[in-house]
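Chemist: Structure in structure tokens, see below.
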Amino acid sequence: MQIYLPIAELPISILLVLGLSGAVGFISGLFGVGGGFLLTPLLIFLDIPPAVAVATVAAQVAGSSTTGVLTYWRRNALDLRLGGVLVGGGIVGTVLGVLFFNSMRRLGQLELVINLSYVTLFSFIGGLMLFDAIRAALKERGGRPARLRRKAGSHPAWMGLPLRMRFYRSQLYASVLPIAGLAVVIGFIGAVLGVGGGFILVPALLYFFRIPPAVVVGTSLFQILVTMTGATILHAVTNQSVDIILAILLLIGGVIGAQFGGRAARNLNAGSFRLLLALLILSVGLRFGVELFLPPNDPYSVVLPESAR
């Protein structure tokens, strides 16, 4: 059973989209990260235009983040002050990312930029996470702690920069400059690649700022919700690339899959969690790397940039 996507301008199987988004939702629920970093490349592999895939997945990520934010709000595990700083930086990064996205699309280089970005970002992050997971496993096997505790009173230099603020819910007293800078980078990446950025933000808040895990996830989802909503609106207004039919199908499948993934996560230990997530992220980056070296299906096709049409 197929349905025609008016913005992507191609027919696609409803069951295929639901199954794909359900599988990504399962992985998202299993690892506790947004599925945008998997869903965008999978849609591109299905011949969805990159511009439509990025913008539509941004809408799906925004919708799926809403239930998570409400859940953590009820648990009182959301730091609104920290979230406000992250949202402020994220909005700036999102606007810059959409401007860059539109510029590359007009020049006809958007697909190349997306492919190179996925290869660079995901190979780097996946490689670091894989190294950390293997090192932690070797330390635990040798009877040593996976990570040494930081001594009381010792803080990295970036936390002592000007404009320090106290975040009571996160038990943090630090400069807002590195936090806002991190949010700008994640907002930019999210707008260009159609990913929420939780797979970057959550480890950064945990390792670099030592924020309690119970607060990190809810605050990260709050930032993702606002920035991805803004990215969706900007993409819809500036380049009309949000396919609402595709977004609804992705949202339905993702919500269903996430429920089963959340149940399966209860039986996954921490070591296996880190290793599998690292391999997952690394595999996406390597898949795009292979794509760069494969000959195109139609090597003699010509695509004019939008500025020349």
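The values are calculated or read from the model by the stated rules, or taken from the named source; none is laboratory data. Given the structure is predicted, the values throughout are model-derived calculations rather than measurements. Don't worry about glycine lacking a Cβ; one is built from the backbone with ideal geometry, like all the others, and counts go over all protein chains shown. Areas reflect the complete protein model, heavy atoms only, side chains present, ligands, DNA and RNA absent. Shrake-Rupley method; radii C 1.70, N 1.55, O 1.52, S 1.80 Å.
Chemist: So if I check each of VAL87, VAL52, which one is crowded, with 18+ Cβ neighbours inside 10 Å, within 16 Å of VAL217 (Cα to Cα) and more than 12 Å from the chain's Cα centre (by Cα)?
Modeler: VAL87
Chemist: Considering only the stretch 64-84, state which residues are within 20 Å of the chain's Cα centre (by Cα), of a type outside the set (Val, Ile, Thr) and farther than 13 Å from SER220 by Cβ.
Modeler: Scanning the stretch 64-84 gives SER64, LEU70, GLY84.
Chemist: Now for a different question. Could you check how many residues of the stretch 171-188 are small (Gly, Ala, Ser) and either surrounded by fewer than 21 Cβ atoms within 10 Å (Cβ to Cβ) or under 12 Å from the mean Cα position of the chain (by Cα) (or both)?
Modeler: 4
Chemist: Please work out if LEU148 is modelled with pLDDT of 75 or more, more than 25 Å from the chain's Cα centre (by Cα) and over 23 Å from LEU39 (Cα atoms).
Modeler: no
Chemist: Across the stretch 220-240, which residue is farthest from ALA53 (Cα to Cα) among those that are open to solvent by less than 10 Å² (accessible area, probe 1.4 Å) and among the polar types (S, T, N, Q)?
Modeler: Top of the filtered list is SER220.
Chemist: Pick out the one residue from ASP47, ASP79 that is within 22 Å of LEU182 (Cβ to Cβ) and acidic (Asp, Glu).
Modeler: Exactly one residue qualifies, and that residue is ASP79.
Chemist: Would you check if SER123 is open to solvent by less than 90 Å² (accessible area, probe 1.4 Å), at pLDDT 75 or above and part of a helix (DSSP H, G or I)?
Modeler: Criteria met by SER123.
Chemist: State yes or no: is ALA191 open to solvent by 10 Å² or more (accessible area, probe 1.4 Å), farther than 21 Å from MET129 by Cβ, assigned to a helix (DSSP H, G or I) and modelled with pLDDT of 80 or more?
Modeler: no
Chemist: Open to solvent by 50 Å² or more (accessible area, probe 1.4 Å) and modelled with pLDDT of 80 or more, is that true of LEU20?
Modeler: No: the conditions fail for LEU20.
Chemist: Provide a single number: the residues in the stretch 218-247 that are farther than 24 Å from GLN2 by Cα and in contact with a strand residue (DSSP E or B) (Cβ under 8 Å, 6 or more places away or on another chain).
Modeler: Of the residues in the stretch 218-247, 0 are farther than 24 Å from GLN2 by Cα and in contact with a strand residue (DSSP E or B) (Cβ under 8 Å, 6 or more places away or on another chain).
Chemist: Related question: So in the stretch 151-170, with the set limited to residues that are modelled with pLDDT under 75 and of a type in the set (Gly, Ala, Ser), which one is most open to solvent (accessible area, probe 1.4 Å)?
Modeler: Among them, the one singled out is ALA152.
Chemist: Now a separate question. Mind listing whichever residues of the stretch 204-219 are without any contact (Cβ under 8 Å) to a residue 60 or more places away in the chain, in a helix (DSSP H, G or I) and open to solvent by 30 Å² or more (accessible area, probe 1.4 Å)?
Modeler: Hits for the stretch 204-219 are LEU206, TYR207, PRO213.
Chemist: If you don't mind, there's one more thing I want to ask. Within the group ALA53, ALA58, which residue is modelled with pLDDT under 85 and among the hydrophobic types (A, V, I, L, M, F, W, C)?
Modeler: ALA58
Chemist: In this structure, is LEU82 surrounded by fewer than 17 Cβ atoms within 10 Å (Cβ to Cβ), within 29 Å of LEU276 (Cβ to Cβ) and modelled with pLDDT of 75 or more?
Modeler: Answer is no for this residue.
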